[in-house]
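FYI, it's all coordinate maths here, none of it is from the lab. Small disclaimer: the values here were computed from a predicted structure and weren't measured. Quick reminder, even Gly has a Cβ in these numbers, built from the backbone with ideal geometry, and neighbours come from all protein chains shown.
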Amino acid sequence: MTTATTGKRPLGAVGRVLARREARVALLFVLPAFLLFLAFRFGPSIAGVALSLFDYDITGEIAWRGLDHFQRLVADPLFWRAMGTTVVYTVFAVPISLVLSTVMALGVRRAFRGSRFFRSIFFLPVITSLVLAGSIFVWIFSANGPWSALMSPLGLGGSWLGSTVLVIPAIIVVGVWSRFGYGMMILIAAMQDVPRELEEAALMDGANAWQRFRSIILPHLRPTFFFLAVIETTAAFQVFDVIYVMTQGGPANASYSLVYLLYDQGFKYFDYGYAAAVGVALFAMTLVVALVQRLVIGKQR
Amino acid sequence: MRVSKFTGVAAGIAAAALLAGCSAGGGQASSGEKHVTLWMYPVVADEATNKSFWDDTIAAFEKEHKDITVDYEIFPWANRDEALQTAIAAGKGPDLVYLVPDQLAAYKKSIAPMNDLLSAERQKDLLPNVKDSVTIDGDLMAAPVLTSAQPLVCNAAVFQQAGVAEYPKTWDDVKRLAPTFAAKGFSMLNYPASAENTLNMTFYPVLWQAGGEVYDKDGGVGFDSEAGEKALTFLTDLATAKALDPEALTTNVPLEQTAIAQGKVACTFNNAVTEVAPFWGKENVKVLPPLKGEKSVAYGTVGSLAVLKGSKAPEAAAAFAEYATGADVVKPFLTAAGYFSALSTTEPLYADDPLLGEVEKYVPDTTVGQLATSSRALMGVLSPEIQAALLGQKSPADALKDAAAAAAPILKK
């Protein structure tokens, strides 16, 4: 018995996609971004992990250190202090930012006279340079600034940036101020997808605003909340610029974050290997938190 | 979906262009002559004066050295180490760069020692304390441009308002006079304790005055000593007695917003007379010897030009460094910046200036302290602990002990 052959091998799934001319062109369009991603994101990340196992000098000298940097990290009180500061900042800044983003999004999601203006105003901090804003916040939180005057009746006057207790709340205020507009815009977009008739039906059934939000809007927003929680948590773990401009990690290391430790070790003390180890620890921590968030929020979608 | 041929070709070109962009490197044109690049900073605050000095100096040097051309770039002080180390790591560093002693220690491996690059005559002319400040492990690391001194400077107007006629000479004087100033609403001393302030101008002079050192003889932690505790206790006692400006202990604000500028502080050992004179009035600036604990000693920085190992023309770079730091050439630069000569044969620059002339007298007695590669990292762990002690969160002994523990892995390297 003979078997007839066509002379062509059957195409696999990838082959079938590539056989389409549009797909090939699409891949060409994707290629630059993909290569840039490899070169500037993936490559440095791998190099960073590798660097954490070496001592590297700006003169090019390199020496194998194995896990020495990680052992030093575990024993370094400054690392744990920076970790504590970063976690406290994240635990407060992320939920506050998400709640504020939601409240603001609910306030301006429908078109009304001035809604665009308010959306722009609320989004403005996102595109404002934190270096510039930070300088102004330094004055706002100073002993003679308006924040001190506002808080004096509560017994919380004086310089917040000069207080080892109040400096983190001050950093959280600025961090939330600079981020909530981004979450607000994402949530406004997500809220546009909530069927209006559902809300109207609930209104006719006598549901109040809270009930409509909880039973109709919130379930629709769960995927968006998951996305924002991951993005905001990642950003919060990497808090640096606000601290750099406003407190330089002080007073007495009270606002010293993990990325600040990384910056100091790498760029002030030239200890690149140790700085890379801090980066790896930060990455691991962010990854774990993102996975937990996926389990908690993502599962309920 | 139809995709035109043109779109496909465009995408391909875009990808190729981006790839080319990624791989493009900065080429160097071969000129045949020796070329020197210099990185400077705003040592002279007035940009036009600063530029004019370097333009004139380079023009005069190039006239004498036809085979050498010099380029310079003035970088801001802020983040200067990031820019420099990135450039060195990328092999794009300058031939010559302005560095202070802490940096000389930090960049030691990247610097070409000038033992054989700077003339013996010039090396002999350097002030002994200045030469020590730029010498590491027996190697002369740079050609000194300038030096400074930070003696005690007091505000005569504050003394008058507080009804104090006597100026402090010793720690005991400070402790005795402090309550009088505090009772009148003045702080006795300025002590900026936030992380941005170098300990060279704050804690280290007090430590030296107590007879202590930052490092011990073996290069280990030296501040965790009886003298260290004595120095920090002196400061924490002053803080408790409200003799230190509380704002300066925690925050770093522009000079004009500080208590020292606003005439609320009696004395300082971390501000230059040129800084305070515009606020206090020249007539109120009183220059005094450095305070005495066990001994009287003050910090004085040294600015220098270092040749980097990556230089393709180290001899030419050193020739320019020697020329630019020569007594006559550098004089207008020093007087414009309010600094002092690093050379022993130079006549006093400020003989006619009652303030700088007085400060100039202390120049030969200043120090930059011990030079070590870890000096900046050590400050990073010590500074917050000192601040914690000053804020009453830790005892001086505990603060120094914790700082010493945090410093151990840094010194091990």
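Counts of other chain beta carbons within 10 angstrom of each beta carbon in peptide A:259-268 average 3. Here's how it looks for residue B:221: its modeled amide H is under 5 Å from those of B:216, which are all 5 or more places away or on a different chain.
Here residue A:50 and residue B:175 are evaluated by their C-beta separation; at R0 = 41 Å the FRET efficiency comes out at 0.15. Spatial offset of segment A:47-92 relative to segment B:174-228 amounts to 31 Å, using the alpha carbon center of each.
Could you size up the charge dipole of chain B around its Cα centre, putting +1 on the beta carbon of Lys and Arg and -1 on that of Asp and Glu, and report it in debye to the nearest 20?
Dipole of chain B, to the nearest 20 debye: 1080 debye.
Where a ≥ b ≥ c are the square roots of the eigenvalues of the C-alpha gyration tensor, would you call chain A rounded, which needs a/c under 1.5, or, failing that, prolate if a/b is larger than b/c, or oblate?
Numbers: a/c = 2.31, a/b = 1.11, b/c = 2.09.
Oblate.
Rg over Rh for chain B works out to 1.05, using Cα positions for both radii and the Kirkwood form for Rh.
Per-peptide packing, taken as the mean over residues of other Cβ atoms within 10 Å, places A:62-72, A:169-179 in the sequence A:169-179, A:62-72 from highest down. Close amide H contacts of residue B:36 (hydrogens built in the peptide plane, cut-off under 5 Å, sequence separation of 5 or more or a different chain): B:69, B:70, B:71. Helix B:5-23 and the long axis of chain B differ in direction by around 50°, with both axes built from C-alpha atoms. In terms of its C-alpha gyration tensor, segment B:103-231 has a prolate overall shape, because the principal axis ratio a/c (a ≥ b ≥ c, square roots of the eigenvalues) is not below 1.5 and a/b outweighs b/c. Can you bin the protein assembly as shown into rounded, prolate or oblate? Criterion: square roots of the alpha carbon gyration tensor eigenvalues sorted a ≥ b ≥ c, rounded for a/c under 1.5, prolate for a/b above b/c, oblate for the rest. Cα axes put the protein assembly as shown in the oblate bin. By the count of other C-beta atoms within 10 Å, a proxy for reagent exposure, B:361, B:401 are ordered fewest to most as B:361, B:401. Working ranking of peptides A:111-119, A:243-251, A:138-146 by packing, defined as the average number of other Cβ atoms within 10 Å per residue, highest first, is A:243-251, A:138-146, A:111-119. Please report the spacing between the Cα centers of segment A:108-151 and segment A:242-301 in Å, no decimals. If you average the Cα positions of each part, the centres end up 25 Å apart. Taking every alpha-carbon pair under 8 Å whose residues sit at least 6 apart, segment A:72-300 reaches a relative contact order of 28 percent. Highest average first, the peptides B:274-280, A:228-234 ordered by how many other beta carbon atoms sit within 10 Å of their residues are A:228-234, B:274-280. In the protein assembly as shown, helices alone account for a calculated mean residue ellipticity at 222 nm of -16500 deg cm²/dmol, with every DSSP H run of four or more residues adding -39,500 (n - 2.57). Can you give me the long-range amide H partners of residue B:140? Hydrogens built in the peptide plane at 1.01 Å from N, cutoff under 5 Å, separation of 5 or more residues or another chain. Residues meeting the amide H criterion: B:114, B:115. Counting Lys and Arg as +1 and Asp and Glu as -1 over every other residue whose Cβ lies under 12 Å from the Cβ of residue A:119, the net charge comes to +3.
3J(HN,Hα) along segment B:259-267, derived from phi through the Karplus expression 6.51 cos²θ - 1.76 cosθ + 1.60 where θ = phi - 60°, amounts to 5, 5, 6, 7, x, 10, 10, 6, 9 Hz, with x in place of Gly and Pro. Taken about its Cα centre, the protein assembly as shown carries a charge dipole of about 4280 debye when Lys and Arg each add +1 at the Cβ and Asp and Glu each add -1 at the Cβ.
Backbone geometry of segment B:74-84 corresponds, through the Karplus equation with coefficients 6.51, -1.76 and 1.60 at θ = phi - 60°, to 3J(HN,Hα) couplings of 9, 9, x, 4, 4, 6, 5, 5, 4, 5, 5 Hz, x marking Gly and Pro. Mean partner shielding of peptide A:26-33, defined as the number of other chain Cβ atoms within 10 Å of each residue Cβ, is 6. Computed from the C-beta positions of residue A:196 and residue B:196, the FRET efficiency with R₀ = 56 Å rounds to 0.55. Using alpha carbon centroids, what distance separates segment B:329-394 and segment A:208-228, in Å? The distance from the Cα centre of segment B:329-394 to that of segment A:208-228 comes to 62 Å. The mean count of C-beta atoms from other chains within 10 Å of the C-beta of residues in B:238-250, rounded to a whole number, is 2.
As a length-normalised measure over Cα pairs under 8 Å and 6 or more apart, the relative contact order of segment B:76-212 settles at 13 percent.
Checked against a 29 Å cut-off, the cross-linked pairs B:63/B:109; B:109/B:131; B:131/B:295; B:242/B:295 give Cα-Cα distances beyond that limit for B:63/B:109.
Using a cutoff of 8 angstrom between alpha carbon atoms and counting only pairs six or more residues apart, the relative contact order for chain B works out to 26 percent. Sequentially through segment A:30-46, phi angles give Karplus couplings (6.51, -1.76, 1.60; θ = phi - 60°) of 6, 3, x, 4, 5, 5, 5, 4, 4, 6, 10, 10, 5, x, x, 5, 5 Hz, Gly and Pro residues having no value and appearing as x.
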